[in-house]
Amino acid sequence: MKKVITIFVVTLVVIIGIYFLWSALGRTAVAAEPDLNLDDTSSYGTDTGDGNLVAVQTYMEPADYASAEAFQAKLDGYMAAADAQGWLHENTIVIFPESIATWLVAANEKEELYEAETLQEAMQLMVLSNLPAFVESYTAAQGEDKIVDGLFRMKSDTIASIYQYTFAGLAEKYGVTIVAGSLYLPDPREENGELLLGPGKIQNISAIFLPDGSLYPNLVRKLFLTHDEIPFADPGVADQQLTFDTPAGKLGVLICADSWYLEPYETLAAQEPDIIVVPNNFFTEGGWDAVWHGYDSHPAPPDVDLADIDHITEGEARLKYTLDGRMQNTGATTGMHVFSSGVLWDMIMDGHTIIFTEDGIIEASPDARGAVVNYWLPG
């Protein structure tokens with residue numbers, strides 16, 4: 001019996017050793033020269049000296065999230081392209097898309113993960129190769145979807161660290177204000193200039209970085225979650241601070257779906273923004289011209305014509321039911337939608353920059369993969 005127990009223990013130790021060896025191998029990602037797929041560098045308006053908005057439409061692939069170095073190099077490439085055009089100044093606001101840092105959940109993982117064919121395969125590999133840490137995070141998960149919650153919670157320190165280091169560095173390097181897209185973090189808060197985490201629920205948040213690289217004390221928390229987010233994320237509150245003082249004017253920020261509903265505009269109206277920007281992320285199979293199926297997680301606002309549902313396109317709906325029809329009630333005179341594009345495993349991102357002005361709507365190239373789009377604010 002003693003011999004059997006010894007053999008069992010030795011076998012178990014060997015199996016555990018093999019597992020940890022397998023888990024550790026193949027995590028040294030080599031940062032290749034980033035491919036920006038930069039198809040559009042366009043500018044609109046006239047430089048009056050009153051500042052400008054620069055939309056960064058990133059084209060992202062899994063390998064861009066393999067390491068802090070890969071992520072930083074990719075985003076810096078777009079910033080350098082804008083700088084080369086002469087668009088980056090102390091009164092410039094640069095806007096990145098929603099979820100730009102979400103996929104840092106894949107940072108420092110096994111190389112096979114970035115080559116997986118589907119997101120499901122990538123998630124399974126991440127769970128298996130981080131099993132002890134995942135089990136700990138899974139038990140602390142507070143969302144209905146404990147797997148997704150657990151994965152974000154497990155990697156939250158890494159995600160937050162890379163996010164702040166990258167965007168603080170870019171803001172300081174180029175001397176601009178940056179609306180740093182968004183990401184999912186548990187119980188996030190700003191404290192003494194640091195992005196800190198807690199044990200609470202996961203939220204979709206956006207941070208703003210000032211030209212000296214400092215983190216603005218207030219975080220924007222997405223209020224109207226989509227059906228994909230509801231199982232693991234928690235919404236912000238309706239009366240949160242949504243505006244920021246910048247060298248280009250008072251800036252309002254709405255995260256993606258929040259721009260479709262009335263309540264955030266009521267909050268903004270009380271805070272009197274000059275500009276409203278919306279970081280977006282749009283996963284699609286049919287693209288901008290696909291049929292719009294309406295509001296997927298919350299009731300349609302009362303000003304929505306229900307006859308439009310299943311009759312107009314996604315693009316037409318975004319033009320009709322977001323900034324164009326609503327921002328004038330806040331006092332803002334300029335608005336901008338910024339999207340990401342690219343392919344993340346089996347998911348395709350689509351969209352293009354839309355600028356809302358007092359003189360009408362400007363749409364940047366709908367066919368561009370990566371793009372850097374400038375708009376000079378009117379005097």
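The values are calculated or read from the model by the stated rules, or taken from the named source; none is laboratory data. No experiment lies behind these values; they were computed from the predicted model shown. With ideal geometry, Cβ positions are generated from the backbone for all residues, glycine too; neighbour counts draw on all protein chains shown. The protein model used for the area step is the full one, side chains on, heavy atoms only, and it has no ligands, DNA or RNA in it. Shrake-Rupley method; radii C 1.70, N 1.55, O 1.52, S 1.80 Å.
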Relative compactness, segment 201-292, computed as alpha-carbon Rg over 2.2 N^0.38 Å | 1.17
Please get the size of the charge dipole for segment 217-265, origin at its Cα centre, with Cβ charges of +1 on Lys and Arg and -1 on Asp and Glu, quoted in debye to the nearest 20.
-> 160 debye
Cα extents of the chain along the three principal axes, largest first (Å) = 86, 46, 40
Could you order HIS89, HIS227, HIS311, HIS298 so the one with the most accessible surface comes first? Probe is 1.4 Å.
-> HIS311, HIS227, HIS89, HIS298
When all protein chains stay in place, what accessible area (Å², nearest 10, 1.4 Å probe) is found for GLU194?
-> 90 Å²
Charge dipole (debye, nearest 20) of the chain; +1 at Cβ of Lys and Arg, -1 at Cβ of Asp and Glu = 1600 debye
Give me the angle, in degrees from 0 to 90, between the Cα long axis of helix 156-174 and the longest principal axis of the Cα atoms of the chain, rounded to the nearest 10.
-> 40 degrees
Computed for segment 213-296: size of charge dipole around the Cα centre, +1 on C-beta of each Lys and Arg, -1 on C-beta of each Asp and Glu, debye to nearest 20, value 240 debye
Per the helix-only model, the chain has a calculated mean residue ellipticity at 222 nm (DSSP H runs of ≥4, -39500 (n - 2.57) each, divided over all residues, rounded to the nearest 500) of -9500 deg cm²/dmol
The alpha-carbon center of segment 33-100 and that of segment 175-252 are separated, in whole Å, by 20 Å
Taking 1 over the mean of 1/r across every pair of different Cα atoms in segment 121-268, what Kirkwood radius in Å do you get?
-> 16.2 Å
Which entries of LYS155/LYS320; LYS222/LYS320; LYS173/LYS250 show an alpha-carbon separation above 31 angstrom in the structure shown?
-> LYS155/LYS320
What share of the DSSP beta bridges in the chain is antiparallel, in percent to the nearest 5?
-> 60 percent
Rounded to whole Å and sorted largest first, list the principal axis extents of the Cα atoms in segment 280-323.
-> 28, 20, 20
Relative contact order, percent, of segment 322-367 when contacts are C-alpha pairs under 8 Å separated by at least 6 residues?
-> 31 percent
Note on segment 223-379: contact order normalised by length, alpha-carbon pairs under 8 Å, 6 or more apart, percent, works out to 21 percent
In what sequence, largest accessible area first, do ASP228, ASP64 appear using a 1.4 Å probe?
-> ASP228, ASP64
When a/c is below 1.5 the answer is rounded, else prolate if a/b is larger than b/c, else oblate, so apply that to segment 205-253 with a ≥ b ≥ c taken from the square roots of the Cα gyration tensor eigenvalues.
-> prolate
Could you give me the radius of gyration and the Dmax of segment 294-379, taking only the C-alpha atoms into account and expressing both in angstrom?
-> 14.8, 44
Total formal charge among the other residues, if their Cβ is under 11 angstrom from that of SER214, Lys/Arg +1 and Asp/Glu -1 | -4
Shape call, segment 229-369: gyration tensor on alpha carbons, a/c limit 1.5 | rounded
